[in-house]
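The values are calculated or read from the model by the stated rules, or taken from the named source; none is laboratory data. The structure displayed is predicted, hence computed values, not measured ones. Note: ideal-geometry Cβ built from the backbone for every residue, glycine included; neighbour counts use all protein chains shown. Ligands, DNA and RNA are stripped out before the accessible areas are found, and what is left, the full protein with its side chains, is counted by its heavy atoms. Shrake-Rupley method; radii C 1.70, N 1.55, O 1.52, S 1.80 Å.
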Amino acid sequence: MLVTGKELLLDAQKKGYAVGAFNINNMEIVQAIIEAAEETNSPVILQASQGAIKYAGIDYIAALGKTAAKNAKVPVALHLDHGTDFEQVMVCIRHGFTSVMIDGSRFPLEENIAFTKRVVEIAKAVGVSVEAELGKISGTEDHITVNEREATFTDPDEAVRFVDETGVDYLAIAVGTAHGVYKGEPKLDFDRIKAIRDKVKIPLVLHGSSGVPAEALKKAISLGIHKINIDTDLRIAFAEGVKNYVKENPDAIDPRKILAPAKAMMKEKIKEKMEIFGSVNKA
Ligand code: 13P
């Protein structure tokens, strides 16, 4: 069933687990995520980035997400990942997304507050949950690049002011993760997660979570992270599935056969993540 992001994250916060938010681009990916969620009885978030919307078209991606959610035996939210402009967010709300991220992290604090607040007022009026970002997360997520020098960690006091003034439902924080493939092992600033959680009562969100060791993710969850975004690890699993199949079957021409192992590998990876997040049997 299709539910709001807030509903999922408040339950996760109450029970001390995290909901996986997995990026979607096509039907096989959506199916892999939903099957993993159903087989593990996990609540889940399907998230479409602006790149995914550009690739598939808003009608297709919204229809895929909503159809999957409607038929799923577990609660599913449909979320816009890294919405960077007001119009994009409104289009997603009109297309039935139940959660949107408005990413004003490129702006100075005052401007980020004003930019985010405008979206929150409208989204709240129509029952859609809102995620915002404070601090800058490095790396590239679908065309949006923040280099390591530009990345800045979230300040706990600014987080209090930001949440109070915007009324946002959950907050993405910059605490040492990055989008994309890591060069070395990422070092999370656990003290900062705790300091933010001690001051801010809403669920916190971790971006760039692919490649972060399971123990670090579990610790982050225990300190207040309740939405974990995963894209790169799924891409790697999908690509590996396609490459292996084509290598073993160089004459393959049926897209269904070529994509089946990719979907299966992705599904296993998602189930692994759901175990780590503690969302298994929480649907
Ligand atoms: P990764 O690609 O590092 O998993 O990050 C995904 C993400 O944070 C999407 O917003």
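For segment 136-254, list log₁₀ I(q)/I(0) at each q in 0.14, 0.17, 0.19 Å⁻¹, using the Debye formula over Cα point scatterers of equal strength and ignoring solvent, two decimals each.
Here log10 of I(q) over I(0) equals -0.64, -0.85, -1.01.
Could you give the semi-axes, largest first, of the ellipsoid that matches segment 152-203, computed as the square roots of 5 times the alpha carbon gyration tensor eigenvalues and rounded to whole Å? Don't jump to the answer; show the numbers that get you there.
Values: eigenvalues 106, 27, 14 Å².
Largest first, segment 152-203 gives 23, 12, 8 Å.
Kindly give the semi-axes, whole Å and largest first, of the ellipsoid equivalent to the chain, taking each as the square root of 5 times a Cα gyration tensor eigenvalue.
Working: eigenvalues 166, 84, 67 Å².
Largest first, the chain gives 29, 21, 18 Å.
Could you work out the local net charge near V120, counting Lys and Arg as +1, Asp and Glu as -1, over the other residues with Cβ closer than 13 Å to its Cβ? Please list the in-between numbers first.
Numbers: positive: K6, K117, R118, K124; negative: E121, E131, D164, E165, D169.
Around V120, the charge tally is -1.
If a/c stays under 1.5 just call it rounded; otherwise compare a/b with b/c (prolate if a/b is bigger, oblate if not). Do that for segment 5-113, with a ≥ b ≥ c from the square roots of the Cα gyration tensor eigenvalues.
Details: a/c = 2.21, a/b = 1.26, b/c = 1.75.
Oblate, since a/c reaches 1.5 and b/c is not below a/b.
HN-Hα J couplings of segment 26-43 from phi, Karplus 6.51/-1.76/1.60, θ = phi - 60°, integer Hz, Gly and Pro as x?
8, 4, 4, 5, 4, 5, 4, 5, 5, 4, 4, 5, 5, 5, 9, 6, 10, x
Within the accessible area of the chain, what % is carbon and sulfur when the probe is 1.4 Å and the other protein chains stay in place? Don't jump to the answer; show the numbers that get you there.
On the way: 6690 of 12480 Å².
Heavy-atom surface of the chain belonging to carbon and sulfur, 1.4 Å probe: 54 percent.
Could you give each residue of segment 47-54 its phi-based ³J(HN,Hα) in whole Hz, using Karplus coefficients 6.51, -1.76, 1.60 with θ = phi - 60°, and x for Gly or Pro?
Computed from phi, the couplings for segment 47-54 are 10, 10, 8, 4, x, 5, 5, 5 Hz.
Stretch A114-K199 to full length: gain in nm at 0.36 nm per residue minus the Cα-Cα span?
Numbers: separation 85, 0.36 × 85 = 30.60 nm, distance 2.12 nm.
Full extension from A114 to K199 adds 28.5 nm.
To the nearest 10 degrees, how steep is helix 58-71 against the longest Cα principal axis of the chain, on a 0 to 90 scale?
80
Per-residue HN-Hα couplings for segment 223-233, Karplus 6.51 cos²θ - 1.76 cosθ + 1.60 at θ = phi - 60°, whole Hz, x for Gly and Pro?
Residue by residue, segment 223-233 yields 9, x, 7, 10, 9, 10, 8, 10, 10, 3, 4 Hz.
With every protein chain kept in the model, how would you rank M101, M1 by accessible area, 1.4 Å probe, largest at the top? Display every interim value, and only then the final one.
Numbers: M101 0, M1 100 Å².
My answer, sorted largest first, is M1, M101.
Compute the length gained on full extension between A252 and E185: take 0.36 nm times their separation in residues and subtract their Cα-Cα distance, giving the result in nm to one decimal. Could the numbers behind the result be given before it?
Details: separation 67, 0.36 × 67 = 24.12 nm, distance 3.75 nm.
Extra length available between A252 and E185 comes to 20.4 nm.
May I ask for the angle, rounded to the nearest 10°, between helix 5-15 and the longest principal axis of the chain, with both axes built from Cα atoms and the value confined to 0 to 90°?
Compared with the principal axis, the helix lies near 80 degrees.
Give, rounded to the nearest 20 debye, the magnitude of the charge dipole that segment 136-283 has about its Cα centre when Lys and Arg contribute +1 at Cβ and Asp and Glu contribute -1 at Cβ. Kindly include the intermediate steps, with their values, before the conclusion.
Working: 24 positive and 24 negative charges, 91 e Å.
Result for segment 136-283 is approximately 440 debye, rounded to the nearest 20.
Can you list residues whose amide H is under 5 Å from N41's amide H, if they're 5+ apart or on another chain and H is modeled 1.01 Å from N?
N281
Grab the Cα-Cα distance for F153 and K70, subtract it from 0.36 nm times how many residues apart they are, and report the gain in nm with one decimal.
Values: separation 83, 0.36 × 83 = 29.88 nm, distance 3.77 nm.
This chain segment gains 26.1 nm when fully extended.
Tell me the per residue accessible area of the chain using a 1.4 Å probe; a whole number in Å² is fine. Mind dumping the intermediate values first?
Working: 12480 Å² over 283 residues.
Heavy-atom SASA per residue in the chain reads 44 Å².
Which pairs, out of K15/K273; K73/K201; K243/K267; K183/K267; K124/K194, put more than 21 Å between their alpha-carbon atoms? Can you show the working numbers first?
On the way: K15/K273 17 Å; K73/K201 30 Å; K243/K267 16 Å; K183/K267 25 Å; K124/K194 28 Å.
From the list (K15/K273; K73/K201; K243/K267; K183/K267; K124/K194), the Cα-Cα distance tops 21 Å for K73/K201; K183/K267; K124/K194.
State, as an integer percentage, the relative contact order of segment 139-283 based on alpha-carbon contacts under 8 Å between residues 6 or more apart.
On the way: 178 pairs, mean separation 27.1, N = 145.
Worked out over segment 139-283, it gives 19 percent.
Let me have the 222 nm mean residue ellipticity of the chain computed from DSSP H runs of 4+ only, each contributing -39500 (n - 2.57), with the sum over all residues rounded to the nearest 500.
Using -39500 (n - 2.57) per qualifying helix, the result is -16000 deg cm²/dmol.
Taking 8 Å as the Cα distance limit and 6 or more residues as the minimum spacing, I'd like the relative contact order of the chain as a percentage.
Values: 583 pairs, mean separation 63.1, N = 283.
Worked out over the chain, it gives 22 percent.
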